[in-house]
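See structure below.
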Amino acid sequence: MGAKEANGDPGDVSFPPSEEALVNELETKVKKYQRGEGANLEVLKDKKLKGQLSVREQIYGISATAAAKAEKWLLTSSGGLLEAEGTEKTWRIKQEAIASEVDILSTKKQYDIVLPDLGPYTLDFTASGRYMAVAGRKGHLAIVDAKSMNLIKEMQVGETVRDIVFLHNELFFAAAQKKYPYIYSRDGVELHCLKEHGSVLRLQFLRNHFLLASINKFGQLRYQDTSTGQMVGNLRTGLGRTNVMEVNPFNGVVAAGHSGGTVSMWKPTSQAPLVKMLCHPGPISAMAFHPNGHLMATSGKEKKIKLWDLRKFGLLQTIPMNAKTLDFSQKGLLAAGTGSFVQVLGDLSESGSYGRYMGHSMVKGYQVGKVLFRPYEDVLCIGHSMGWSSILIPGSGEPNFDTWLANPFETVKQRREKEVHSLLDKLPPETIMLDPSKIGTVRPPRRKEKPTKQDIEAEMEEAVEAVKDTEVKNKTKGRNKPSKKAKKKKEIVEKAKRPFLEQQRKEEERLARKKQKISKEIELPAALQRFAPKKPSA
């Protein structure tokens, strides 16, 4: 396979189409990882600076090429979205049309589990998306292998179940039951009854910190370390009962939505909320965080969904739509469910504005209670009053998974190793903060505090002691009298005292002016106004 000549010119060499396409593809990927335009080195006269910048530009180029090659050869799968032709709209495409075009394995991910006597259902996935935990309101608990659709364990606890959440892996899960939350093993064995939490409405698990967070019907937020059993935080929100609680995946901050329309954000080491935002004029019905942690979606009873930028706590977009439940996918799609209808919104133009992407109507009479995207799959699971369902949402899941982070195909040995590593790498509760990038940085120097009166006096005494024993030079005859020497020493001491006395005088004047200003600002009652000093007329 050789290069061929073009236009009869021996010097004009062109690559075969396949190689040329590969080179163009690699160049496109390199541009994606470059750090803007390079510095113009021709205008620089400093040879040393010119050499340093040229070396740095070379390093940037090498790193961009390495990242592009890693994306090409390691990230082999690419995500895609539904694309409409002509006047066709993506939200009018039905699940039946999608099922007829996808492969056999994908069609198996579309199903409906109908259990009308045990609903409504809520659900949760492990970090890898391999296992699913479902809980019916009337006491039905089940663990399902979402890949093979094998039932691992199901049981009936015989009382109300409000929420369910996996702990650090699929071996343990927590269920919020009628009086207390319970922790179970995958085999259905009850391990712990967490009586200190009380009657819990919502549960969340912070995987990096091994913390189980719960909020009960009295509005009390509690954090418990599942590795040691220690109660890390017991906070009173003071904003009443709520069943809207989510965790920001970026920083581990727990956010709760309240009936007054406010969203409060908490960490276990602070009794006061980190942030209180007034998001809606009425009660908040649902809330979700984008995987990057900088975007929050809230839904209110006034039938509006609002998108917020958490970096500046500003409103980005208001969407006129009702939603009882919200969830973001790994690729940033937003699912909203209400009644028997599920709507999926997406930033398809990458302009920051969300619009309609897909829709799905359930059977009439089904009431959607929970929507949840399955990690690393283009699947949306819906918990409703008659069971749970699964539909296909193209482009919602991350196509490439990192086996060090979440491995859907991990073996027993890998799971054990990962459990040990995650316990060793467990983050303390103090690392939960709004801006985790501050961890590891140097604290800025504090403002120099003003010295007190005692400090000034102590410094003055030290200065006086230092000049007290100063030897006075001998002068001509008649000028070396003891009285003149004593006078000279006294002048030296006064000169050493002068700056400290001046500083003390200025501080006293400042305090006097401040006191006078405060006394002027104090307004007398109406009955005593006639005794107030009159302002001098101009």
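The values are calculated or read from the model by the stated rules, or taken from the named source; none is laboratory data. Since we're looking at a predicted model, the values are computed, not measured. Counting neighbours? That spans all protein chains shown, and the Cβs are built from the backbone with ideal geometry, glycine included. Remember, those area values only see protein heavy atoms, side chains included, never the ligands or the DNA or RNA. Shrake-Rupley method; radii C 1.70, N 1.55, O 1.52, S 1.80 Å.
Brief remarks on what is shown
- Each of GLN52 and PHE313 was given a label point 7 Å from its Cα along the Cα-to-Cβ line. The distance between the two points is 4.0 nm.
- For region 16-64, applying the loop criterion from DSSP together with a ceiling of 14 other beta carbons within 10 Å to the GluC sites (Glu not before Pro) yields GLU37, GLU42.
- Surface per residue (accessible, 1.4 Å probe) for region 453-511, Å²: 88
- Degrees, to the nearest 10: 17-33 long Cα axis against longest axis of the chain: 40
- Per residue, the solvent-accessible area of region 350-423 (1.4 Å probe, heavy atoms of protein chains only, all protein chains present) comes to 49 Å².
- Zero-based 10 Å bins, Cα pair distances in region 453-511, whole percents: 21, 39, 24, 13, 3, 0
- Within the straight-line cut-off of under 30 Å between alpha carbons, the lysines reachable from LYS490 are LYS450, LYS453, LYS468, LYS473, LYS475, LYS477, LYS481, LYS506, sequence neighbours fewer than 8 places apart in one chain being disregarded.
- Where chymotrypsin sites (Phe, Trp or Tyr not before Pro) fall in DSSP loop in region 105-204, at most 13 other Cβ within 10 Å: none
- Cα centroid separation, region 22-58 to region 401-465: 35 Å.
- Sorting TRP266, TRP404 by accessible area puts them as TRP404, TRP266; the probe is 1.4 Å, largest comes first, and only protein heavy atoms count.
- Neighbour-limited loop hits for trypsin sites (Lys or Arg not before Pro), region 296-370 (at most 10 other Cβ within 10 Å; DSSP other than H, G, I, E, B): LYS312, LYS364
- The order of GLU471, GLU462 by accessible area, most exposed first and with a 1.4 Å probe, is GLU471, GLU462.
- Counting only protein heavy atoms and using a 1.4 Å probe, the accessible area of MET149 comes to about 70 Å².
- Think of the chain as a dipole: +1 on every Lys or Arg Cβ, -1 on every Asp or Glu Cβ, centred on the Cα centre; then among LEU278, TYR180, TYR60, LEU278 lies furthest on the positive end.
- Cα-centre dipole for the chain with unit charges at Cβ (Lys and Arg positive, Asp and Glu negative), debye to 20: 5080
- Listed by chain and number, the aspartates and glutamates whose C-alpha is less than 18 Å from the C-alpha of LYS418, apart from same-chain residues fewer than 8 away, are GLU170, ASP402, GLU410.
- Stretched out straight at 0.36 nm per residue, the stretch from LEU278 to THR452 would grow longer than its current Cα-Cα span by 58.4 nm.
- Pairs spanning more than 29 Å between alpha-carbon atoms, out of LYS89/LYS138; LYS69/LYS426; LYS108/LYS370; LYS72/LYS153; LYS32/LYS303: LYS89/LYS138; LYS69/LYS426; LYS72/LYS153; LYS32/LYS303.
- Carbon/sulfur fraction of accessible area - the chain, other protein chains in place, 1.4 Å, %: 53
- Cα long-axis angle, helix 412-424 against the chain (0 to 90 degrees, to the nearest 10): 20
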